[in-house]
1. If you stretched the chain out fully between residue 276 and residue 446, how much longer would it get, using 0.36 nm times the residue separation minus the C-alpha to C-alpha distance?
2. May I ask for the equivalent-ellipsoid semi-axes of segment 224-363, computed as the square root of five times each C-alpha gyration tensor eigenvalue and listed largest first in whole Å?
3. With viscosity set to 1.567 mPa s at 4 °C, what whole-number translational diffusion coefficient in µm²/s follows for segment 3-315 from Stokes-Einstein and a Kirkwood radius over Cα pairs?
4. Using alpha-carbon positions, what is the distance between the centroids of segment 32-88 and segment 416-450, in Å?
5. Taking N as the number of residues in segment 225-273, what value does Rg over Cα atoms divided by 2.2 N^0.38 Å take?
6. Sorting 159, 136, 287 by accessible area (1.4 Å probe), largest first, what list results?
7. Let me check I've understood the local charge: for residue 362, count other residues with C-beta under 13 angstrom from its C-beta, Lys and Arg +1, Asp and Glu -1. What total comes out?
8. As a test question: what accessible area, to the nearest 10 Å², does residue 204 have when a 1.4 Å probe is rolled over all protein chains in place?
Amino acid sequence: MSRPALLRFVVFAIIVMAVPLMPFVPSFWVTLLDFVGLASLVALGLVLLTGVGGMTSFGQAAFVGFGAYATAVLTTGWGWSPWATLPVSLIVTVGAAVLIGLVTVRLSGHYLPLGTIAWGISFYYLFGNMKSLGAYDGISSIPPLQVLGHNLLDSRSFYFVVWGFVLASILATANLLDSRIGRSIRALRSGSAAAESVGIDVWRAKLLVFVYAAFLAGLSGWLYAHFQRAVTPGVFNLTVGIEYLLMAVLGGAGHIYGAILGAGIVVVLKNFLQDVLPVLFGAGGNYDGIVFGILLIAMLQGAREGLWPVVARRIGREEPRSVVTDSRLPAREMTATGGELLAVKSVRKEFGGLVAVNDVTFEVGRGEIVGLIGPNGAGKSTTFNLVTGVLPLTGGEILFKGERIDGLSPARIAERRIARTFQHVKLAPTMSVIENVAIGAHLRGRAGMLAGILRLDRSEENQIFAEAARQIERVGLASVMHQPAGSLALGQQRLAEIARALCLDPELLLLDEPAAGLRHMEKQALAGLIRRLRDEGMSVLLVEHDMDFVMQLTDHIVVLNFGARIATGAPAVIQRDPAVIEAYLGTAA
Ligand code: ADP
Ligand code: MG
């Protein structure tokens, strides 16, 4: 957390902890707040999973159930003391999350939420039918928590434990988001292609956030079991899972305090509705589900960002991140100049019947700027996707420094120091420019999840952000460094992508139409930058439609048309090549 954020957290923590000490706060409200705290933990996990990671889960109640049942069984059946079961309950939950995550997280699009609904339903019936776990009656007579020899039987004393955990979780989550691993989770929002292009193992990042969210749900379940002193399969219920999701969406999926706000609103509203609605309808029943359903749809239709951003605007803006410019990431050597760096050999890509890249061969030498040109649809971007591992080859070979790289994943290829930009810009629009660019340095950092949470990663983080700032200055975006990337003009967003790619410290840089949307002066500055990079020993493969730009900059040009290479040579030769002129002017019959 930044200093102002930490200050706000401390104020929040003091207010939260003071509430039950006020004698005029009725016990009924304290109990309600206990439930808000329990729900907040689950919603906090969903903020990360759904709001930040973009994975919608209706099934978080299952992990609450695992945490609750684990301690119920250990305390009532095996005579364990409640605190001793905490690590075991969390391990059980995390174990279940890894297994469920392995099969669920790979699902894409709508199949992921559907998958979570499926296990949301199945665990309810599974636990309901297990006689050893009390079937639908569940397990009762669970012992209360003890602190300093006192049983936490009343809601006022329990409050401090629940909210102590909530506050710790807020701190841990905020620290995690502001760390190397947290950025890799946030990068999922810019699309997995962008994350993979800088070496992030997207699947691992997804599993990590999935397990983290489950961990918080399991913690909530463990607390719940000792608060209610009983568990039933009802904790697993899908409707409960939907309520958790509503909390995250209502508060503002993606905002830490949104989880607390959403949990507060839903828990209090539910309590109120359960009193009022049966009277209104003149019959008993769970009508609150209808209201929550309408609310969820209304939020998704009208206020995707949730309520927290509205509140946050009144509290104040986040300070821009401070950058310590004198720290440096260790720079790596370029391998000696001269000779071939990238060799594309008879590479072919078919999309069904369409041959997008037709047995294309070319090389990029060390310290060379090579242009890849051709009319729209010629296969230039597809070639980039083949070199960077985004698409599998239909045929041919790609060698980098003499080693085969075709068949490797994009992240493995990024590890070999090949960086790229995208024709269709892929930045996380709500993250600041510098945070987006810092994602590019993912492979140059080491800090893991725990180091991030415990703030042991600060010197490495300073190095990463100093490097990001340096690359941003290089591409000429210093003045907008702290603005959200989505607020930049498209040409500037392209430059930000170049800075992100440079943070990888690449030996080979692939630029897909970098000058599109730039003004004349900006193009000249970009050309100057690319030349400087070349002089430092970097090799560049450049796709660009602006012919002046390409001709003045490149050492060598490869021309594609309908997937096939129709010419190759020095710019002066290409300019006069009849086949090229024909392809561009379309005079062919
Ligand atoms: P360029 O970048 O040279 O303009 P592309 O490489 O984007 O061209 O596209 C080459 C051809 O391959 C086009 O006809 C395009 O429609 C097709 N193509 C590109 N990507 C796909 C895909 N994922 N699926 C099917 N066809 C594709
Ligand atoms: Mg293209």
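The values are calculated or read from the model by the stated rules, or taken from the named source; none is laboratory data. Model, not experiment: these values are computed from the prediction. Please note: Cβ atoms are built from the backbone with ideal geometry, for glycine as well, and neighbour counts cover all protein chains shown. Ligands, DNA and RNA are stripped out before the accessible areas are found, and what is left, the full protein with its side chains, is counted by its heavy atoms. Shrake-Rupley method; radii C 1.70, N 1.55, O 1.52, S 1.80 Å.
1. 55.8 nm
2. Rounded to whole Å, the semi-axes are 54, 27, 18.
3. So the translational diffusion coefficient is about 65 µm²/s.
4. Cα centres, segment 32-88 to segment 416-450: 32 Å.
5. In units of the 2.2 N^0.38 Å rule of thumb, it is 1.25.
6. 136, 287, 159
7. Computed value for this residue: -3.
8. 150
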